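Enquirer: Here it is, the structure, as structure tokens.
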Amino acid sequence: MARRKRVNPRRLEGKRILDLVPRFGLECGDEKSVTAARKFIEAHSIQPPAIVVVQRSERNQERFFWGFKGLFSAQYVEEHHFMFPSLEMLRVRLTAEAQGDSVA
């Protein structure tokens, strides 16, 4: 029987926070996905925080987080969300909502 993968509570909280961030999607074409994301952000004057989802092929996609500190892998930000000031307000809001739900 296969073991279930342990859910990391810190990453789960980061995932919930990133669900509140606006998302933008694009296809990368012949460029590398990070280059396509950077060009898309510049062309559309996207303000941080934002998630850019780059479709690499029919089945593969990469997610990037655009914050005040630059462009990062969304998976990295999920695990280290507390290091990003642009997510602080969202984290406080999510924590307040969670506490409000537990009181009710």
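Enquirer: Which of (1) in contact with a strand residue (DSSP E or B) (Cβ under 9 Å, 6 or more places away or on another chain); (2) among the acidic types (D, E); (3) exposed (fewer than 11 other Cβ atoms within 10 Å of the Cβ) does D30 not meet, given it meets every other one?
Expert: (1)
Enquirer: Any idea which of V52, V77, V34 is over 19 Å from E13 (Cα atoms) and touching a Gly at 6+ places or on another chain (Cβ under 8 Å)?
Expert: V52
Enquirer: Can you tell me which residue among E88, E31 is over 18 Å from the mean Cα position of the chain (by Cα) and charged (D, E, K, R)?
Expert: Of E88, E31, the one residue that is over 18 Å from the mean Cα position of the chain (by Cα) and charged (D, E, K, R) is E31.
Enquirer: While we're looking at this one, here's another question. Taking helices (runs of 4 or more DSSP H) that fall entirely within the chain, which contain at least 1 residues that are touching a residue at least 12 places away in the same chain (Cβ under 8 Å) and polar (S, T, N, Q)?
Expert: 33-44, 74-79
Readers should treat all values here as calculations from the given coordinates under stated rules, not as data from a laboratory. The shown structure was predicted, so the numbers you read here are calculated from the model rather than taken from an experiment. Neighbour counts run over all protein chains shown; Cβ positions are idealised from the backbone, glycine included.
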